[in-house]
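Reading through the structure tokens given below for one structure.
The values are calculated or read from the model by the stated rules, or taken from the named source; none is laboratory data. Source: prediction; values computed, not measured. Cβ coordinates were reconstructed from backbone atoms using ideal geometry, including for glycine residues, and neighbour counts include every protein chain displayed. The area values use the complete protein model at the heavy-atom level, side chains included, leaving out ligands, DNA and RNA. Shrake-Rupley method; radii C 1.70, N 1.55, O 1.52, S 1.80 Å.
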Amino acid sequence: MPTHDDVDVFLTTTLVGDDPILDATLRAQHDAGLPAIEVAPVNAKFLHLLTRIAGARRVLEIGTLGGYSTIWFARAVGDGGRVVTIEAEAVNADLARSNLARAGVSDRVEVRVGRGADVLPTLASEEPFDLVFIDADKESNTIYLDWAARLGRPGTVVVLDNVVRGGEVADAATADTKVRGARRGVEMLGADPRFDATALQTLDRKGWDGVAVAIVVDAVAGPGA
Ligand code: DHB
Ligand code: MG
């Protein structure tokens, strides 16, 4: 009986394929000792397609790591598009810049170093973002969701990574701060009138997790307006 890993290999091989630039990015992350917590290839391509489906030209990413998902977003926004990506660790940001340069997308990506809570307010004077991907410290999910709504506009797509965490999100009594962050993020998406949201469980090479997808709605007019 095939396992979910076999399915991940089949789907990745058939639908995502091989890309020497992305392979080099993952090798560089691995060689630098970064944890292998970047989005799985099938998930990265989902984000890439979602960006194109939404026609997003301005993407905000919170949590760059080594820039793997950033490259997928940069390719999705195309020439003249813009990606702002926020990374708390300077060494990760340096690695991401080198990976982005190898991918030939440095001109459309700005890597901002700092904690999300410090960097996000500095983006308030910019044009609204069309898509926001939140994939940083899970404890700050609600802060990031709040900024995603503020820095977006009605119609902005918001994606929140790691909302299932091996099923632990369903444990209301959990003491794990990352799981609590995931749980609070989902609860905020359900309760905050600025969002209309759902979430999908995923099973890929990183195991059992999930992704929440939301749209920013006009909080006065309400969902579906
Ligand atoms: C962790 C963070 C991630 O963004 C992820 O996709 C998987 C795991 C973590 O910090 O444990
Ligand atoms: Mg993640």
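Between a residue in the stretch 45-68 that is part of a loop (DSSP other than H, G, I, E, B) and any residue that is open to solvent by 50 Å² or more (accessible area, probe 1.4 Å) and away from ligand 2 (no atom under 16 Å from the Cβ), which pairs come within a Cβ distance under 8 Å, given they are 6 or more apart or on different chains?
Arg57/Gly80; Arg57/Arg82; Gly66/Ala32; Gly67/Arg97
Per-residue answers, yes or no, for (1) in a loop (DSSP other than H, G, I, E, B); (2) more than 18 Å from Thr51 (Cα to Cα):
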{"position": "Val111", "(1), (2)": "no, yes"}
{"position": "Pro121", "(1), (2)": "no, yes"}
{"position": "Ser125", "(1), (2)": "yes, yes"}
{"position": "Phe133", "(1), (2)": "no, no"}
{"position": "Glu139", "(1), (2)": "no, yes"}
{"position": "Tyr144", "(1), (2)": "no, yes"}
{"position": "Ala149", "(1), (2)": "no, no"}
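Before we move on, is Val111 away from ligand 1 (no atom under 16 Å from the Cβ) and of a type in the set (Val, Ile, Thr)?
So Val111 fits the description; yes.
Looking at Ser106 and the list (1) out of contact with any helix residue (DSSP H, G or I) (no Cβ under 8 Å at 6 or more places or on another chain); (2) without any contact (Cβ under 8 Å) to a residue 12 or more places away in the chain; (3) not aliphatic (A, V, I, L, M), which single condition is not satisfied?
With respect to (1) out of contact with any helix residue (DSSP H, G or I) (no Cβ under 8 Å at 6 or more places or on another chain); (2) without any contact (Cβ under 8 Å) to a residue 12 or more places away in the chain; (3) not aliphatic (A, V, I, L, M), Ser106 is out only on (1).
Can you find, within the stretch 153-181, the residue that is surrounded by the fewest Cβ atoms within 10 Å (Cβ to Cβ) among those that are assigned to a loop (DSSP other than H, G, I, E, B) and within 16 Å of ligand 2 (Cβ to nearest atom)?
Asp176
Taking the residues in the stretch 90-146 that are over 25 Å from Gln29 (Cα atoms) and of a type in the set (Ser, Thr, Tyr) as candidates, determine which candidate is least open to solvent (accessible area, probe 1.4 Å).
Result: Thr142.
Quick check on this structure: which one of Val84, Val39 is more than 14 Å from ligand 1 (Cβ to nearest atom) and either modelled with pLDDT under 95 or not in a helix (DSSP H, G or I) (or both)?
Every option except Val84 fails the conditions.
With respect to the numbered conditions (1) outside any loop (DSSP other than H, G, I, E, B); (2) within 25 Å of Val217 (Cβ to Cβ), which one is the sole condition not fulfilled by Ala93?
If we test Ala93 against (1) outside any loop (DSSP other than H, G, I, E, B); (2) within 25 Å of Val217 (Cβ to Cβ), just (2) comes out false.
Do we have Leu47 as in contact with a Ser or Thr (Cβ under 7 Å, 6 or more places away or on another chain) and either among the aliphatic types (A, V, I, L, M) or surrounded by fewer than 18 Cβ atoms within 10 Å (Cβ to Cβ) (or both) here?
So Leu47 passes the test.
Filter the stretch 51-76 for residues that are surrounded by fewer than 18 Cβ atoms within 10 Å (Cβ to Cβ) and either hydrophobic (A, V, I, L, M, F, W, C) or touching a strand residue (DSSP E or B) at 6+ places or on another chain (Cβ under 6 Å) (or both) and give the result.
Listed by number, the residues that qualify are Ile53, Ala54.
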